[in-house]
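Here's the structure we're looking at; comments come further down.
The values are calculated or read from the model by the stated rules, or taken from the named source; none is laboratory data. None of the values given here were measured: they were computed from a predicted structure. Positions of Cβ are backbone-derived with ideal geometry, glycine not excepted, and every protein chain shown enters the neighbour counts.
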Amino acid sequence: MSNEKQRILIIDDEKEIRDLINIYLKGEGFETILAEDGEQALEILKNTRVDLMILDIMMPKIDGIEVCMKVREERNTPIIMLSAKAEDMDKILGLTTGADDYVTKPFNPLELVARVKSQLRRYTSLNNAGMTVNKEESISGKDVLIVDDLKINIENHQVFIGDMEKKLTPTEFEILALLAQNRGKVFSIQNIYESVWNEEFMESDNTVMVHIRKIREKLEANPRKPQYIKTVWGVGYKIDK
């Protein structure tokens, strides 16, 4: 990503939260832009390159869920959701609208910075891999994994069903690639989380299940009877050999 600083858009209606996140990210060398609500954030995004968004759910005018949905219509920019609510349904709602990660307030700023760096590594890898690759190369390249009519290009982070490209977020792609590169092996939810997020799994965390559901919705003709990612009840998930 050249020598440009990576740019983080911080969206939260609480000034103290915005300022706290801003201090820590600038201390790590990031460029930051601050927005106090979803409406302002969407205006900024019209004309500004943003490498990652930290997005509060509960905001006036346009809330974080709606902002996330609008952003996902056009771009795969990593989104980390913030919320004062710890309930599972709040988290699931944020993730199903396309967020890559979720942090509950109050949070440790150093943990948030670590998650920002983790998401940016995926995003940078995705962009650098896909810059000069055309569709034909994507389907026939040497780093393509094939599962029936599903084609996964590991090098440029593209996924096709037949000749139709399917857009996955960086996190969704990493989960799919992990399973496809280890066909026949069953991965527990904990295995997947610790492999993809590179942090310790919390027993009550259902982030992986939500992402699996989103992948199935994008790839499967019938998500309730998945052809690709199979559930091994009581154990985890796999892609058959």
Checklist entry - Restricting attention to the range 16-24, does a residue exist that is in the same structural domain as Val113 (by TED's automatic domain parsing), among the polar types (S, T, N, Q) and surrounded by fewer than 13 Cβ atoms within 10 Å (Cβ to Cβ)? => result no
Checklist entry - Which of the residues that make up the range 175-210 are modelled with pLDDT under 90 and under 13 Å from the mean Cα position of the chain (by Cα)? => result Tyr193, Val196, Trp197, Thr207, Val208, Val210
Checklist entry - Any idea which residue in the range 85-110 is farthest from Arg213 (Cα to Cα), counting only those that are exposed (fewer than 14 other Cβ atoms within 10 Å of the Cβ) and at pLDDT below 90? => result Pro106
Item to check | Residues located in the range 200-236, provided they are under 18 Å from Leu168 (Cα atoms) and either among the acidic types (Asp, Glu) or in contact with a Ser or Thr (Cβ under 7 Å, 6 or more places away or on another chain) (or both) | outcome: Val210, His211, Lys214, Glu217, Glu220
Checklist entry - When you go through (1) loosely packed, with under 13 Cβ neighbours inside 10 Å; (2) of a type in the set (S, T, N, Q); (3) within 20 Å of Ala114 (Cβ to Cβ) one by one for Thr207, which number turns out not to apply? => result (1)
Checklist entry - Can you tell me how many residues in the range 195-241 are closer than 23 Å to Met81 by Cβ, of a type in the set (A, V, I, L, M) and part of a helix (DSSP H, G or I)? => result 6
Item to check | Verdict on Asn198 being surrounded by fewer than 17 Cβ atoms within 10 Å (Cβ to Cβ) and in contact (Cβ under 8 Å) with a residue 40 or more places away in the chain | outcome: yes
Checklist entry - Applying the selection to the range 220-234, what residues are surrounded by 13 or more Cβ atoms within 10 Å (Cβ to Cβ), in contact (Cβ under 8 Å) with a residue 12 or more places away in the chain and out of contact with any Phe, Trp or Tyr (no Cβ under 6 Å at 6 or more places or on another chain)? => result Gln227, Tyr228
Item to check | Residue in the range 43-56 that is among the polar types (S, T, N, Q) and more than 22 Å from the chain's Cα centre (by Cα) present | outcome: yes
Checklist entry - Just checking, how many residues over the range 145-171 are surrounded by 22 or more Cβ atoms within 10 Å (Cβ to Cβ) and assigned to a loop (DSSP other than H, G, I, E, B)? => result 3
Checklist entry - Where residues in the range 184-195 are touching a residue at least 12 places away in the same chain (Cβ under 8 Å), out of contact with any Leu (no Cβ under 7 Å at 6 or more places or on another chain) and of a type outside the set (Lys, Arg), which of them is farthest from Lys117 (Cα to Cα)? => result Gly184
